[in-house]
Every structure is written in C-alpha cells, then in structure tokens.
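Working notes, beginning with the structure itself.
The values are calculated or read from the model by the stated rules, or taken from the named source; none is laboratory data. All values derive from a computational prediction rather than experimental measurement. Here Cβ is always computed from backbone atoms with ideal geometry, including for glycine, and neighbour counts include all displayed protein chains.
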Protein chains: 2
Amino acid sequence: MEVKVVRRVLDANETMAQENRQMFAEKGVFVFNLMSSPGSGKTTMLVETLKRLGSEIPTAVIVGDICTTNDADRLAQTGVEVVQINTDQFGGDCHLGAHVIRRACQDINLDAVDLLIVENVGNLVCPAEFDMGEDRRGVVLSVTEGEDKPLKYPLMFRVCDMAVLSKIDLLPYLDYDKDLAVKNINTVNPNIPVFCLSTRTGEGFEAWMEWLKNQVAAKNKS
Amino acid sequence: MEVKVVRRVLDANETMAQENRQMFAEKGVFVFNLMSSPGSGKTTMLVETLKRLGSEIPTAVIVGDICTTNDADRLAQTGVEVVQINTDQFGGDCHLGAHVIRRACQDINLDAVDLLIVENVGNLVCPAEFDMGEDRRGVVLSVTEGEDKPLKYPLMFRVCDMAVLSKIDLLPYLDYDKDLAVKNINTVNPNIPVFCLSTRTGEGFEAWMEWLKNQVAAKNKS
C-alpha cells in the first residue's frame with residue numbers, strides 16, 4: 001500500500017518533469033541540477049561560477065532549502081536572478097520536486113536566460129529520485145566526506161552526468177585518497193567526468209566552466 | 001491524500017517505536033541514536049568511542065546504510081557486536097525506522113548489553129522524523145560543513161539531546177567560526193550540550209565519554 005502510493009507520487013512527479021522539460025526546450029534554457037550532502041560547498045562553488053560567467057551566459061538560479069534564505073542571499077550578491085524555495089512550505093520536503101520547480105519558474109523570465117542552475121536541498125539520498133525536467137545533473141562531494149560515499153550512496157552518483165570533488169585545498173591536512181574517490185565514482189558510473197575543485201584557490205575551475213559552457217552551447221545549437 | 005498516507009506511515013512507526021521502547025526498558029538497555037550528514041565522521045568517532053569504552057559497558061551497535069558493509073566492518077574490528085542494516089532491502093530507505101531496529105534486535109542478545117548504539121543512515125533531514133524507541137539522540141556536524149547548518153536543518157537539531165562538532169583538528173585550515181556554530185545549535189535547541197571533538201587528536205573525548213556513561217548509568221539506576 002505504502003509502496004503503491006510512493007509509486008504514484010513518483011509517477012506524478014515524472015509527468016510534471018516531462019512538462020517542465022518541454023517548457024525548457026521551448027524557451028531554449030539549459031537546466032542544471034546540482035546536488036550534494038549539506039555543507040559540501042555547493043553555494044560557494046556556484047558563487048564563484050557565477051562570478052566567472054559574468055554576463056557571458058544569461059543565468060538564473062533556483063535554490064532549495066528547508067529553511068532560511070542564506071544561500072539565496074549569498075548567490076544574489078553576484079547580481080544574478082535568484083529564487084529561493086523553502087520546502088517547509090511544501091511539507092518540509094527533503095528534495096526539490098518537479099512541481100516546486102514549476103512554481104519557482106513563474107518568478108523567472110525564462111525568455112531572458114540561457115542557463116538555469118538549481119541548487120537542490122542538501123541531501124545525498126532523496127533528491128536523486130526526483131526528476132525535475134533538468135538537462136543535466138551534478139553531484140558535489142567534498143574531500144572531507146571520505147572516499148567511500150559513492151559506494152554507499154550509489155543512486156546519486158548513478159543518476160548524475162558529472163561529479164565534483166570539492167575543497168581539494170584541504171587535501172594536505174586529510175588522510176584522503178583522491179584517486180580512490182574518483183575510482184569509486186567511476187565504479188558506480190563509469191562514464192562521468194570528475195572535476196577536482198577548490199573554490200579557495202580556483203584550482204580546477206577552468207575545466208568545470210568549460211564543461212558547463214559546452215553543455216549550454218550544445219543545447220542552444222540543438 | 002499523499003499527506004494522509006505519510007501521516008499513517010509515521011503513526012505506524014510511532015506505535016512500533018513505543019513497543020521498542022518498552023522492550024529496551026525491560027531489558028535495561030540504553031539506546032543512543034546517532035545521526036548526521038554523510039561523511040561527518042560518525043563511524044570514526046564510534047570506533048574511537050568503543051575502543052575507549054573497552055569492556056566497561058557491554059555494548060552492541062546497529063549500523064544503517066543504504067548499501068555496503070564498510071561501516072560495520074570498521075566497527076566490528078573493535079570486538080563489539082555489530083549488526084549492519086542495508087536499507088536497500090527496505091526500499092532504499094533514507095533513514096532507519098522502528099521496524100528496521102526491531103528486525104536488527106533479533107540478531108542481538110539484548111540481555112547481554114547495557115548500551116545499544118544506532119548509527120543512522122547519513123542524512124541530515126529524514127532520520128530526524130523517525131522515532132525508533134531510543135532513549136537519546138545525537139547529531140554530528142563536522143566543522144567542514146559550515147556554521148549555518150543548524151539553522152537550515154532545524155528539525156534534526158531540535159529532536160536531539162546532544163550535538164557533536166567533529167574534526168576540530170581541521171579548524172586551523174578553515175574559515176570557520178566554531179563559536180557561531182555552537183550558538184546556532186543552541187538557537188535551535190537551547191538546552192543541549194555541544195561536544196567539540198577530534199578523533200585524530202582525541203581532544204574532547206573525555207567530556208563526551210563522561211556524558212555517555214552518565215546516560216547509561218542513569219537508565220540502569222531507574
């Protein structure tokens with residue numbers, strides 16, 4: 001019974017995600033869903049990404065949190081349009097669903113943007129199950145979280161099209177095997193690129209920015 | 001409709017949690033539920049805790065993960081009885097529920113233990129909603145996760161009886177305001193103690209071990 005209802009919720013989400021996908025295709029907006037545990041550095045990475053993008057690609061951001069507008073406030077300082085979703089208005093949801101994205105898009109002029117970045121609720125489990133109509137998904141794993149997380153939370157790494165190992169400036173102070181972490185990611189999902197980043201030093205940002213720009217360009221061409 | 005069913009699931013969990021609580025009371029077992037994001041250092045902290053406990057308090061551990069037995073393998077090396085729950089057999093649940101604990105307890109001789117530690121699935125959101133019949137709850141937040149997490153994930157900090165700030169040996173390499181983190185925890189839950197720990201250096205372990213031992217002793221006396 002319980003399982004049947006969960007199935008129905010996921011089916012309803014899937015239907016709305018397809019409608020979102022159609023809407024984003026019509027508007028020519030590339031949508032990127034960024035997920036991770038709490039505190040892996042998603043917001044900091046996005047702030048730096050938006051600064052580097054400048055006015056090159058018109059961008060908007062949807063930020064999901066259960067409570068607070070902390071992340072939106074930080075992102076808005078870059079001058080980019082930011083819509084904050086607090087899921088405590090949606091039952092305290094531990095993820096963003098397609099209906100929440102639909103609602104947030106009412107506050108964004110989609111005709112004016114080419115790139116929509118969604119910063120999901122900090123959770124390495126549930127957001128992986130909910131399609132929102134995005135084009136690509138990414139997962140951020142900080143090097144302080146241990147090498148084994150891809151094996152312990154495989155669904156997240158399986159549904160993503162890229163992964164980031166963040167906070168690599170901390171590597172000298174950790175007992176952390178970066179190569180093992182990359183290997184574990186590619187054990188779960190052999191084909192995805194893994195970008196090793198430090199927002200503090202800027203290391204690795206060029207490769208990640210190039211990937212992102214290529215994705216946006218490919219959508220605009222198609 | 002959806003909400004009603006979620007309500008029913010939570011009610012069923014609550015009923016079974018009360019039955020578990022009764023069972024633990026009869027057996028004189030103090031049950032401690034430890035929660036956190038993935039990678040905050042729960043397992044490492046528990047391994048060190050079990051080593052320090054030695055044979056002083058007969059202990060067993062239930063470890064929840066979606067996949068793998070990595071954590072159980074590490075904990076079992078301390079010689080303590082460990083039961084691993086893989087929630088992929090329970091629909092890939094993002095938390096441990098009362099029914100899962102009931103099942104795990106069939107594999108533990110509760111008459112022989114005074115302390116049962118439950119290491120929950122790594123998730124700062126969902127586990128907070130599920131009572132398992134435990135006596136006390138704790139949350140671990142590593143200092144690499146940012147100071148604002150208690151404000152962004154308030155339910156977790158609200159339902160807990162203690163909090164740990166872990167990995168404090170990394171403080172010299174981070175822009176992290178430890179006092180602000182403690183303040184944010186106590187904004188959400190004014191009365192809980194916050195233990196600042198480093199498993200690497202052992203700093204802070206005495207205070208945490210004393211708290212734990214006092215809790216077990218109080219239950220045995222009552």
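Out of all the residues in region A:202-222, is one or more under 24 Å from A:P154 (Cα atoms) and without any contact (Cβ under 8 Å) to a residue 12 or more places away in the chain? No, every residue in region A:202-222 fails to be under 24 Å from A:P154 (Cα atoms) and without any contact (Cβ under 8 Å) to a residue 12 or more places away in the chain. Out of curiosity, is B:N220 more than 13 Å from the chain's Cα centre (by Cα), at pLDDT below 95 and either assigned to a helix (DSSP H, G or I) or within 14 Å of another protein chain (Cβ to nearest Cβ) (or both)? Yes; evaluated as a whole, the condition is true for this residue.
Pull up region B:7-27, narrow it to residues that are among the small types (G, A, S) and modelled with pLDDT of 95 or more, then point me to the one that is surrounded by the most Cβ atoms within 10 Å (Cβ to Cβ). Once the filter is applied, the top-ranked residue is B:A17.
Residues that are surrounded by fewer than 21 Cβ atoms within 10 Å (Cβ to Cβ), within 14 Å of another protein chain (Cβ to nearest Cβ) and hydroxyl-bearing (S, T, Y) within region A:34-86 comprise A:T44, A:T68, A:T69, listed in sequence order.
Once region A:169-186 is narrowed to residues that are out of contact with any helix residue (DSSP H, G or I) (no Cβ under 7 Å at 6 or more places or on another chain) and in contact (Cβ under 8 Å) with a residue 24 or more places away in the chain, the residue that is farthest from A:A25 (Cα to Cα) is A:L174. Screening the candidates B:V140, B:V125, B:V164 for the property of being aliphatic (A, V, I, L, M) and more than 13 Å from chain A (Cβ to nearest Cβ) yields one hit, B:V164. Residues in region B:87-107 that are within 13 Å of chain A (Cβ to nearest Cβ), of a type outside the set (A, V, I, L, M) and under 22 Å from B:F24 (Cα atoms): B:H95, B:G97, B:H99.
For B:V182, the conditions (1) away from chain A (no Cβ under 14 Å); (2) buried (at least 20 other Cβ atoms within 10 Å of the Cβ) are fulfilled apart from (2).
Suppose the filter is within 13 Å of the chain's Cα centre (by Cα) and of a type in the set (S, T, Y); does B:S36 pass it? Criteria met by B:S36.
Might you let me know whether region B:145-157 holds any residue that is away from chain A (no Cβ under 12 Å), farther than 24 Å from A:Y173 by Cβ, surrounded by fewer than 20 Cβ atoms within 10 Å (Cβ to Cβ) and touching a helix residue (DSSP H, G or I) at 6+ places or on another chain (Cβ under 7 Å)?
no
Here are some conditions: (1) at pLDDT 95 or above; (2) surrounded by fewer than 18 Cβ atoms within 10 Å (Cβ to Cβ). A:E134 meets all but one. Which one does it not meet? So the condition that A:E134 fails would be (2).
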